[in-house]
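Before any comments, here is the structure.
The values are calculated or read from the model by the stated rules, or taken from the named source; none is laboratory data. None of these values were measured; they are calculated from a predicted model. Virtual Cβ from ideal backbone geometry, glycine too; neighbours counted across all protein chains shown.
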Amino acid sequence: MSLFRYSGLSAKVRAMSGKLLTQEDFLRLGSMTGVPEVIAYLKKKPSYAALLEKEDERNLHRGQAEGLIMQSLFVDFARLYRFSNLEQRHFLDGYFMRYEISLLKAVVRSILSLGEPLTDAEEYREIFERHSAIPLKQAVNSDTMEGLIAALSGTVYKKVLNDVYGSNSRELFDYELALDLFFFSEYWKMVKKELKADDQEAIIQSAGAQIDAVNLTWIYRAKKYYEMSPAQIYALIVPIHYRLTREQIKRMAEASDLNEFLAVAETTKYARFLEGEESPKLERCMDAMQEAVHTVLLRRKPYSAACLDVYLYRKEREAHRIITAMECVRYGLPADKIREYLA
């Protein structure tokens, strides 16, 4: 039955995957000297040619360039959505919450930093009109938290942000944490309650690995950069356990220092991704772990929602790596340093 339901979509995903950038492409991006050169290179790539062909790379400012790169992700999402049946669309509707959360984080960041409103969100307009209850124009043009919260009336996000605002917090971290915790909780419930058995099994593996990666990374950062107490760390943790046990989470949160945290991390199911790292860059290790999980998942369950999940994960990661490359070349970082960021 899964083969019948997903055979056409799986073939579509394989065709689209062939247009993703290769590691060689990213090595070339890492050698470029400016954003116009990056855009000119992307114009020659099938995934970006249609979006960029009419753009003058010499006159694109940073926000427009980033918006166009993210738009390529939304174009692919819309393409997969049109090709999907009602059951597959239901999964994609839940998946779209990722993009809503990313947008709201960007708006909150702009407000709290007293930056310019996100006027370049026009690239997102069509996809949000089709798939989101967020009134995009009102949200991105908000210049105060009160205004943003008011714009979100009638959406599930109003209470999330209003609760943080009511605590008198003015810290970006608190808003982002609240949005992330809400997303993982809601997405996990959707996966557990609403997906059919094959799809549920596949997406639990993907979402569970992401949640474990987030919890490991947040505890690591809390230990390395902020010297948070165990009580403060517990407030950061997504209260969902996949392959990290409660006891392992407890021992890592209560570790006396970073070395003790890493010693516990090396007892987890993810230890092999830390091997050979004298001072591991945990974020990179967790990226490698998630890529490995998605690779195995697609190989074992190609005729399930995994084909959608894996493609959108890789496309989103590609978009963020391109944006990272543009930021690096804009600031004139050496090519070897850029390649390190893009690894």
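Across region 43-77, the number of residues qualifying as among the aromatic types (Phe, Trp, Tyr) and closer than 13 Å to residue 122 by Cα comes to 1. Scanning region 52-98 for residues that are touching an Asp or Glu at 6+ places or on another chain (Cβ under 9 Å), free of Cβ contacts under 8 Å to residues at least 60 places away in the same chain and either within 27 Å of residue 180 (Cβ to Cβ) or surrounded by 14 or more Cβ atoms within 10 Å (Cβ to Cβ) (or both) gives 57, 63, 64, 67, 68, 71, 74, 78, 81.
Number of residues in region 1-54 that are under 18 Å from residue 329 (Cβ atoms), in contact with a Ser or Thr (Cβ under 8 Å, 6 or more places away or on another chain) and part of a loop (DSSP other than H, G, I, E, B): the value is 1. Of the residues that make up region 232-245, is at least one under 17 Å from the mean Cα position of the chain (by Cα) and not in a helix (DSSP H, G or I)? For region 232-245, residues under 17 Å from the mean Cα position of the chain (by Cα) and not in a helix (DSSP H, G or I): present. A search for C-beta distances below 6 Å between a residue of region 161-187 that is farther than 15 Å from residue 112 by Cβ and any residue that is assigned to a loop (DSSP other than H, G, I, E, B), counting only pairs 6+ apart in sequence or on different chains, returns 184/238.
From the set of residues in region 246-273 that are part of a loop (DSSP other than H, G, I, E, B) and under 27 Å from residue 183 (Cα atoms), which is farthest from the chain's Cα centre (by Cα)? Can you show your working first?
Initial filter on region 246-273 (part of a loop (DSSP other than H, G, I, E, B)): 254-257, 266-270.
When the remaining residues are screened for being under 27 Å from residue 183 (Cα atoms), the result is 254, 268-270.
Details: 254: 28, 268: 24, 269: 22, 270: 20 Å.
Once the filter is applied, the top-ranked residue is 254.
Please tell me if residue 256 is touching an Asp or Glu at 6+ places or on another chain (Cβ under 7 Å) and over 26 Å from residue 108 (Cβ atoms). So residue 256 does not fit the description; no. Taking the conditions exactly as written (over 16 Å from the mean Cα position of the chain (by Cα), among the aromatic types (Phe, Trp, Tyr) and in a helix (DSSP H, G or I)), does residue 303 satisfy them or not? In short, no.
Could you pull out the residue among 251, 243 that is touching a helix residue (DSSP H, G or I) at 6+ places or on another chain (Cβ under 6 Å), surrounded by 15 or more Cβ atoms within 10 Å (Cβ to Cβ), modelled with pLDDT of 95 or more and not β-branched (Val, Ile, Thr)?
Working: 243 fails: surrounded by 15 or more Cβ atoms within 10 Å (Cβ to Cβ).
Among 251, 243, only 251 is touching a helix residue (DSSP H, G or I) at 6+ places or on another chain (Cβ under 6 Å), surrounded by 15 or more Cβ atoms within 10 Å (Cβ to Cβ), modelled with pLDDT of 95 or more and not β-branched (Val, Ile, Thr).
Does region 103-126 contain at least one residue that is outside any helix (DSSP H, G or I), touching an Asp or Glu at 6+ places or on another chain (Cβ under 8 Å) and either surrounded by 14 or more Cβ atoms within 10 Å (Cβ to Cβ) or of a type outside the set (A, V, I, L, M) (or both)? Checked region 103-126: at least one residue is outside any helix (DSSP H, G or I), touching an Asp or Glu at 6+ places or on another chain (Cβ under 8 Å) and either surrounded by 14 or more Cβ atoms within 10 Å (Cβ to Cβ) or of a type outside the set (A, V, I, L, M) (or both). Is one or more of the residues making up region 207-219 crowded, with 20+ Cβ neighbours inside 10 Å, among the acidic types (Asp, Glu) and either touching a residue at least 24 places away in the same chain (Cβ under 8 Å) or in contact with a Phe, Trp or Tyr (Cβ under 6 Å, 6 or more places away or on another chain) (or both)? Looking for residues that are crowded, with 20+ Cβ neighbours inside 10 Å, among the acidic types (Asp, Glu) and either touching a residue at least 24 places away in the same chain (Cβ under 8 Å) or in contact with a Phe, Trp or Tyr (Cβ under 6 Å, 6 or more places away or on another chain) (or both), one finds at least one in region 207-219, hence yes. Of everything listed in (1) more than 22 Å from residue 60 (Cβ to Cβ); (2) at pLDDT below 95; (3) not in a helix (DSSP H, G or I), the single unmet condition for residue 155 is (2). Going through region 1-49 one residue at a time, which ones are within 24 Å of residue 342 (Cβ to Cβ) and of a type in the set (Gly, Ala, Ser)? 17, 18, 30, 31, 34, 40, 47, 49 - these are the residues of region 1-49 that are within 24 Å of residue 342 (Cβ to Cβ) and of a type in the set (Gly, Ala, Ser). Among residues of region 293-306 that are in contact (Cβ under 8 Å) with a residue 24 or more places away in the chain and among the charged types (D, E, K, R), those with a Cβ under 8 angstrom from a residue that is surrounded by 21 or more Cβ atoms within 10 Å (Cβ to Cβ) and part of a helix (DSSP H, G or I), sequence gap 6+ or separate chain, pair up as 301/202.
The single condition from (1) under 24 Å from residue 163 (Cα atoms); (2) at pLDDT below 95; (3) of a type in the set (D, E, K, R) that residue 194 fails is (1).
Within region 291-343, restricting attention to residues that are crowded, with 17+ Cβ neighbours inside 10 Å and small (Gly, Ala, Ser), the residue that is farthest from residue 202 (Cα to Cα) is 325.
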